[in-house]
1. Against the definition (over 30 Å from SER38 (Cβ atoms), modelled with pLDDT under 90 and among the charged types (D, E, K, R)), how does ARG108 come out, yes or no?
2. Do you know which residues across the stretch 79-89 are farther than 14 Å from ALA65 by Cβ and either among the aliphatic types (A, V, I, L, M) or surrounded by 13 or more Cβ atoms within 10 Å (Cβ to Cβ) (or both)?
3. Residue check: is ARG103 of a type in the set (Lys, Arg), loosely packed, with under 13 Cβ neighbours inside 10 Å and at pLDDT 85 or above?
Amino acid sequence: MKRSSGCIGAAARPKAGDLWEEHDLVFATQRGRPMERSEDYKVWKSILKRAGVRDARLHDARHTAGTLLVEQGVHIRVVQEILGHARVTTTERYTHVAGAMMRDASERMGSALWGDT
(Lines give C-alpha, C1' and ligand atoms only; values in the text may rest on other atoms or scores of the structure.)
Protein backbone atom coordinates (compact mmCIF):
# COMPACT_ATOMS: atom_id res chain seq x y z
CA MET A 1 0.00 0.00 0.00
CA LYS A 2 1.44 3.35 -1.01
CA ARG A 3 2.00 6.17 1.42
CA SER A 4 -0.44 9.09 1.65
CA SER A 5 -0.28 12.50 3.29
CA GLY A 6 -2.28 11.27 6.29
CA CYS A 7 -0.23 8.17 7.00
CA ILE A 8 1.54 7.14 10.18
CA GLY A 9 4.90 7.36 8.42
CA ALA A 10 4.41 11.02 7.54
CA ALA A 11 3.91 11.90 11.20
CA ALA A 12 6.83 9.78 12.43
CA ARG A 13 9.37 10.86 9.81
CA PRO A 14 10.40 14.21 11.35
CA LYS A 15 10.91 12.60 14.75
CA ALA A 16 13.10 9.85 13.31
CA GLY A 17 15.39 12.30 11.52
CA ASP A 18 18.45 10.55 10.05
CA LEU A 19 17.23 7.18 11.36
CA TRP A 20 14.28 7.24 8.93
CA GLU A 21 14.27 4.57 6.22
CA GLU A 22 12.04 5.36 3.25
CA HIS A 23 10.00 2.38 2.05
CA ASP A 24 6.95 4.32 0.77
CA LEU A 25 4.58 2.63 3.23
CA VAL A 26 1.22 3.68 4.62
CA PHE A 27 1.83 1.96 7.94
CA ALA A 28 5.40 1.92 9.13
CA THR A 29 7.42 1.68 12.32
CA GLN A 30 8.64 4.85 14.00
CA ARG A 31 11.72 4.65 11.75
CA GLY A 32 9.92 3.97 8.47
CA ARG A 33 10.55 0.25 8.28
CA PRO A 34 7.80 -2.26 7.47
CA MET A 35 5.83 -3.38 10.50
CA GLU A 36 6.14 -6.95 11.73
CA ARG A 37 3.23 -9.15 10.65
CA SER A 38 1.90 -9.41 14.19
CA GLU A 39 2.20 -5.69 15.03
CA ASP A 40 -1.19 -4.68 13.65
CA TYR A 41 -2.76 -7.49 15.67
CA LYS A 42 -1.15 -6.21 18.89
CA VAL A 43 -2.20 -2.62 18.19
CA TRP A 44 -5.76 -3.75 17.34
CA LYS A 45 -6.12 -5.70 20.59
CA SER A 46 -4.80 -2.71 22.54
CA ILE A 47 -7.32 -0.38 20.87
CA LEU A 48 -10.20 -2.73 21.69
CA LYS A 49 -9.12 -3.01 25.30
CA ARG A 50 -8.69 0.76 25.76
CA ALA A 51 -12.07 1.39 24.13
CA GLY A 52 -13.76 -1.12 26.42
CA VAL A 53 -15.39 -3.06 23.59
CA ARG A 54 -15.66 -6.81 23.12
CA ASP A 55 -12.74 -8.72 21.74
CA ALA A 56 -12.88 -9.17 17.96
CA ARG A 57 -10.66 -10.23 15.12
CA LEU A 58 -8.94 -7.53 13.11
CA HIS A 59 -10.59 -9.13 10.08
CA ASP A 60 -13.99 -8.32 11.64
CA ALA A 61 -13.18 -4.63 11.22
CA ARG A 62 -13.13 -5.13 7.44
CA HIS A 63 -16.62 -6.62 7.57
CA THR A 64 -17.82 -3.76 9.75
CA ALA A 65 -16.27 -1.14 7.47
CA GLY A 66 -17.88 -2.69 4.40
CA THR A 67 -21.27 -2.96 6.06
CA LEU A 68 -21.18 0.62 7.37
CA LEU A 69 -20.26 1.93 3.92
CA VAL A 70 -23.16 0.04 2.32
CA GLU A 71 -25.54 1.30 5.04
CA GLN A 72 -24.45 4.86 4.22
CA GLY A 73 -25.46 4.34 0.61
CA VAL A 74 -21.98 3.92 -0.85
CA HIS A 75 -22.20 1.94 -4.08
CA ILE A 76 -21.00 -1.66 -3.74
CA ARG A 77 -18.37 -1.15 -6.46
CA VAL A 78 -16.85 1.72 -4.45
CA VAL A 79 -16.84 -0.48 -1.34
CA GLN A 80 -15.13 -3.16 -3.44
CA GLU A 81 -12.33 -0.73 -4.33
CA ILE A 82 -11.93 0.46 -0.74
CA LEU A 83 -11.67 -3.09 0.58
CA GLY A 84 -9.37 -4.07 -2.29
CA HIS A 85 -11.41 -6.99 -3.55
CA ALA A 86 -10.85 -8.26 -7.09
CA ARG A 87 -14.49 -9.38 -7.40
CA VAL A 88 -17.64 -7.67 -6.24
CA THR A 89 -18.99 -11.06 -5.12
CA THR A 90 -16.30 -11.13 -2.43
CA THR A 91 -17.40 -7.67 -1.27
CA GLU A 92 -21.01 -8.84 -1.15
CA ARG A 93 -19.97 -11.68 1.16
CA TYR A 94 -18.12 -9.18 3.38
CA THR A 95 -21.08 -6.87 3.85
CA HIS A 96 -24.17 -7.63 5.90
CA VAL A 97 -27.68 -6.30 5.47
CA ALA A 98 -28.94 -4.52 8.57
CA GLY A 99 -32.54 -4.50 9.78
CA ALA A 100 -32.99 -0.84 8.88
CA MET A 101 -32.00 -1.58 5.30
CA MET A 102 -34.51 -4.42 5.13
CA ARG A 103 -37.30 -2.18 6.48
CA ASP A 104 -36.39 0.53 3.96
CA ALA A 105 -36.50 -1.99 1.10
CA SER A 106 -39.88 -3.29 2.29
CA GLU A 107 -41.30 0.22 2.53
CA ARG A 108 -40.05 1.08 -0.95
CA MET A 109 -41.57 -2.08 -2.41
CA GLY A 110 -44.87 -1.38 -0.66
CA SER A 111 -44.86 2.16 -2.01
CA ALA A 112 -44.08 0.92 -5.53
CA LEU A 113 -46.87 -1.66 -5.41
CA TRP A 114 -49.61 0.17 -3.52
CA GLY A 115 -48.54 3.80 -3.47
CA ASP A 116 -48.02 5.87 -0.36
CA THR A 117 -50.45 4.91 2.38
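1. For ARG108, the condition - over 30 Å from SER38 (Cβ atoms), modelled with pLDDT under 90 and among the charged types (D, E, K, R) - is met.
2. Initially, the stretch 79-89 is screened for residues farther than 14 Å from ALA65 by Cβ, giving 86-89.
Hits for the stretch 79-89 are ALA86, VAL88.
3. no
Residue-by-condition table, conditions (1) loosely packed, with under 12 Cβ neighbours inside 10 Å; (2) at pLDDT below 90:
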position: ASP24; (1), (2): yes, yes
position: GLU39; (1), (2): no, yes
position: LYS45; (1), (2): no, no
position: LEU48; (1), (2): no, no
position: HIS75; (1), (2): yes, no
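The values are calculated or read from the model by the stated rules, or taken from the named source; none is laboratory data. Just so it is clear, the structure is predicted and the values come from calculations on it, not from any experiment. We place every Cβ from the backbone using ideal geometry, glycine too, and count neighbours over all the protein chains shown.
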